[in-house]
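These notes are about the structure you will find just below.
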Amino acid sequence: YFPLNPTNAAIHTIVEIQKYIEKNYLEQINLKDISKLFFMDMYYLSRLFTKVTGFTFKEYLILQRISKAKDLLFHTNENITRICMNSGFNNVNHFIRIFKKFEQITPYQYRKKYR
């Protein structure tokens, strides 16, 4: 009597994936593993994720990690290397390059400007 609306089920799955990313952003997360975890085709999941969130899976993961890094830069005195590791990035140079790409300033400049 109550048919499931496929759109609502798909959106619910994407929300669950977003929650998973938020809880596990420190881990090595990739689309292939997430698709297996949520029993979905990787390519379908990729298109659906982009359609629902407006970001690719990789962009969303990076933005989640940058958000955590910004929070740490603002609220702690940890050095950039520790913040890099505590926000899910494995390489400091990569972290600085990605941070600058998305925020237009380096992590150090961000801390200096907003603290």
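The values are calculated or read from the model by the stated rules, or taken from the named source; none is laboratory data. Being a predicted model, the structure only gives us computed values, none of them experimental. Virtual Cβ from ideal backbone geometry, glycine too; neighbours counted across all protein chains shown. With ligands, DNA and RNA removed, areas are computed over all heavy atoms of the protein, side chains included. Shrake-Rupley method; radii C 1.70, N 1.55, O 1.52, S 1.80 Å.
Values computed for the structure shown
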item	result
Scan of segment 13-36 for residues that are surrounded by fewer than 13 Cβ atoms within 10 Å (Cβ to Cβ) and either more than 24 Å from PHE95 (Cα to Cα) or touching a Cys at 6+ places or on another chain (Cβ under 7 Å) (or both), ordered by number	VAL15, GLU16, LYS36
Check on LYS70, among the charged types (D, E, K, R) and either without any contact (Cβ under 8 Å) to a residue 12 or more places away in the chain or open to solvent by 70 Å² or more (accessible area, probe 1.4 Å) (or both)	no
Cross-chain or 6+ apart pairs with Cβ under 9 Å, segment 79-96 first and assigned to a helix (DSSP H, G or I), then among the acidic types (Asp, Glu)	ASN86/GLU78
Residues located in segment 37-54, provided they are open to solvent by 80 Å² or more (accessible area, probe 1.4 Å) and part of a loop (DSSP other than H, G, I, E, B)	PHE39, ASP41
Yes/no for ILE62 being among the aliphatic types (A, V, I, L, M) and either in a helix (DSSP H, G or I) or within 18 Å of ILE29 (Cα to Cα) (or both)	yes
Inter-residue pairs, beta-carbon under 7 Å, first under 15 Å from SER46 (Cα atoms) and in segment 1-27, second hydroxyl-bearing (Ser, Thr, Tyr) and modelled with pLDDT under 95, 6+ apart	ILE14/THR53
